[in-house]
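What follows is one structure encoded as structure tokens, with my remarks underneath.
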Amino acid sequence: MAKDGPDWDGLLKWSIAHSDGTRAPRALSEEDRKWFMEAMQSQSVDVVKRMKEITLVMQTPEQVLEAQGVTSVDIEGYFVVMEILADMLEELQEHVESIDMANDLHTIGGLVPLLGYLKNSHAGIRAKAAEVITTIVQNNPRSQQLVMEANGFEALLSNFTSDPDITVRTKALGAISSLIRHNKPGIAAFRLANGYAALRDALGSENVRFQRKALNLVHYLLHENSSDCNVVSELGFPRIMMHLASSDDAGLREGALRGLLELAQDKTGGASDGLGGEDEKLKQVLQERIKDISLMSPDDLGAVREERHLVDSLWNACYNEPSSLREEGLLVLPGDDVPPPDVASKHFEPPLRAWTANQEDNRAPDTEIKEATPLLLGFSPPTA
């Protein structure tokens, strides 16, 4: 039986034979060139073609897919989507990591059906669709605009605020965060849709990851629009964030402290209006954090480096004096880098897309070497 996949052993032997360093390179014969190209192209996937195929599946009604075996089963109350459909969205997400491919998805008709998956009957598909959208709009103004024009914001907001599945809500919030970042129309739409009230509700949930994402978005919005501090204060955010600043989860504490620092530094509504008259409560919270930090072991102190700086900065912003962490030598420890880490912008930079956005000449090509995920499409559509 013939072995599946490319002949890697043959390719290796061929490469060694033609580049062993003992002789000058020779011209390839036509037979060698043909063999090499066939070996490489056997695993070459046309990305645009694959995206068109995936688009065809997304455009296919759910009942048709189920008739072809792409079904779901109910296990202990949770719908589990068949692996083929999940793999399809996973593959699509890999393709749209390229900004060019992300923008091309709309051109080939795939964006609207993808947004339609946000309303799929299965929670896993709704969550995965939001993940793909997150990748599409990250650092991509063109795709942000296209998603807004296709009413993607409204669908994401609905999932964020009212979906019964917490994972779907969390993924939708992540997509909204990427969609409105550096997107003034998106931020305006978020405000008009009472987005801050939805964030307040998210902070009141018991899901740590959901709360973290909400805090990150609150911090970004306040950092970009200090005029929103009054709105946030009126909605009761200061007291909620003070409660979260005492959480057992370090990420929640840091996120809450970042938000409180933005409110404390806001001077648009008066010296202390940003904290909604909660100065005494905040002082108590900070004193408790300072006490807990002072009792930490050296290893634990290293793990809360950012929190130490946030506590000190917040104390200084509220009371115009350094915190006792500085006096006790707990602010900057041996081995700490100075200045402290940037806490204002790192929470919304997707590593691959952020790199790609700054490398205009190094974008992904239109083809890549990978194994294609099979699509259960049944018979080909009849030709005209």
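The values are calculated or read from the model by the stated rules, or taken from the named source; none is laboratory data. Please read all numbers here as calculations on a predicted model, not as lab measurements. Glycine gets a Cβ as well: all are built from the backbone with ideal geometry, and neighbour counts include every protein chain shown. Heads up: the accessible areas ignore ligands, DNA and RNA and are worked out on the full protein's heavy atoms, side chains in. Shrake-Rupley method; radii C 1.70, N 1.55, O 1.52, S 1.80 Å.
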Give the share of C-alpha pairs in each 10 angstrom bin for region 95-157, from 0 to the last occupied bin, in whole percents, shortest bins first. 24, 60, 16, 0
Most packed first (mean Cβ within 10 Å per residue), the peptides 208-217, 143-152, 251-260, 157-166 order as 251-260, 208-217, 143-152, 157-166
Just add up the charged neighbours of Ala150: K/R +1, D/E -1, any other residue whose Cβ is under 14 Å from the Cβ of Ala150. 0
State the Cα centre-to-centre distance between region 169-193 and region 89-114 in whole Å. 19 Å
Keeping the other protein chains in place, figure out the carbon and sulfur percent of the accessible area of region 86-218, with a 1.4 Å probe. 49 percent
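Per residue, how much accessible area does region 94-172 show when a 1.4 Å probe rolls over the protein heavy atoms, in square angstrom?
With all protein chains present, region 94-172 gives 35 Å² per residue.
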Per-residue SASA entry for Val137, accessible area with 1.4 Å probe, Å² rounded to 10: 0 Å²
I'd like the distance separating the alpha-carbon centroids of region 229-251 and region 273-330, in whole Å. 15 Å
How do 223-229, 174-180 rank on mean C-beta neighbours within 10 Å, highest first? 174-180, 223-229
